[in-house]
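Here the structure comes first, spelled out in structure tokens, and everything after it is commentary.
The values are calculated or read from the model by the stated rules, or taken from the named source; none is laboratory data. Source: prediction; values computed, not measured. No Cβ is skipped: glycine too gets one built from the backbone with ideal geometry, and neighbour counts run over all protein chains shown. Only protein heavy atoms, including side chains, enter the accessible area calculation; ligands, DNA and RNA are left aside. Shrake-Rupley method; radii C 1.70, N 1.55, O 1.52, S 1.80 Å.
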Amino acid sequence: MHECDLLDNAVKDLVIANRILARENVIDGFGHVSVRHPTDRERFLLSRSRSPEVVTRDDIMEFRLDGSLACDDHRRPYAERFIHGAIYMARPDVNAVSHHHAHAVIPFSLTNVPLRPVFHMASVMGIDVPVWDSQPEFGDTNMLVDTPEMGHSLARTLGTRSAALLRGHGAVCAAANLKAICMVSIYMRDNAELILRTLPLGQPSYLSDGEIAKAAAMLSGAMPQTRAWDYWTARAGFQGL
Ligand SMILES: [Zn+2]
């Protein structure tokens, strides 16, 4: 495919991913999703600072991995763009990143109850989800990951995993592509809701490490990813595009 077509496709899919995560109530007025530039691995694409529900092609900006602007662009970027660049820098396997504040995941950043998969679809978020706490390294902050140093610290906690929680704030998800990032983000939230609904009844029985690995491998195939993407795309109003 021609380079311009690759970029055009990436921008289109990024707009759809914004709308999907908004429609599925993972991202609300805040939070964001990005994709690595399809022909320049040292750059990524991310909307200007606006609610994902209303993001259009014209809102997409290009950044270098250090969070600086790749082009002359005077629009206001997201303050937390450093999350994305730091993860792309640390993780060559990652080509899509989301950051959200889904309320269902927050309790797991405040307690010792682990956010581990309890149902098969959530296997895509991995065996364990660590909690990043900005307090020990950065003290009292405005709770935003708005410097490169904080981005790198968060990326270190994420390590090789697919998701991490931010204490009292939200979560980050990392995946190979935009279809996969929607799966991780949405099923992470669903998994958190299922645990919260289970706890009043008793302790949840988590999937075993082997079940998580096998289910995740199955769901990482092109068929499940495309089927889920088509479903969410239709719900977000983009059916037939
Ligand atoms: Zn945030």
| field | Residues of the range 144-175 classified as away from the ligand (no atom under 16 Å from the Cβ) and under 11 Å from the mean Cα position of the chain (by Cα), total | value | 2
| remark: With the first residue restricted to the range 166-190 and required to be farther than 13 Å from ILE20 by Cβ and open to solvent by 10 Å² or more (accessible area, probe 1.4 Å), and the second required to be in a loop (DSSP other than H, G, I, E, B) and at pLDDT below 95, Cβ contacts under 6 Å at 6 or more apart or on different chains are HIS169/MET143
| query | Does ASP128 count as charged (D, E, K, R) and under 18 Å from SER47 (Cα atoms)? | reply | no
| task | Restrict the check to the range 113-133 and report whether at least one residue is touching a residue at least 12 places away in the same chain (Cβ under 8 Å), over 27 Å from LYS214 (Cα atoms), part of a helix (DSSP H, G or I) and open to solvent by 60 Å² or more (accessible area, probe 1.4 Å). | result | no
| field | From VAL124, VAL129, VAL94, residue being within 21 Å of LEU14 (Cα to Cα), of a type in the set (Val, Ile, Thr) and touching a strand residue (DSSP E or B) at 6+ places or on another chain (Cβ under 6 Å) | value | VAL94
| query | If the Cβ limit is 6 Å and pairs must be 6+ apart or interchain, which residue in the range 5-32 that is among the acidic types (Asp, Glu) pairs with which residue that is away from the ligand (no atom under 15 Å from the Cβ)? | reply | ASP13/LEU178; GLU24/ILE186
| query | Is it true that some residue in the range 62-78 is at pLDDT below 95 and assigned to a helix (DSSP H, G or I)? | reply | no
| message | For a quick check of your reading of the model, give me the residue pairs whose first member lies in the range 146-164 and is farther than 14 Å from TYR88 by Cβ and at pLDDT below 95, whose second is of a type in the set (D, E, K, R) and open to solvent by less than 70 Å² (accessible area, probe 1.4 Å), with beta-carbon atoms closer than 7 Å and at least 6 apart or on different chains. | response | ASP146/GLU80
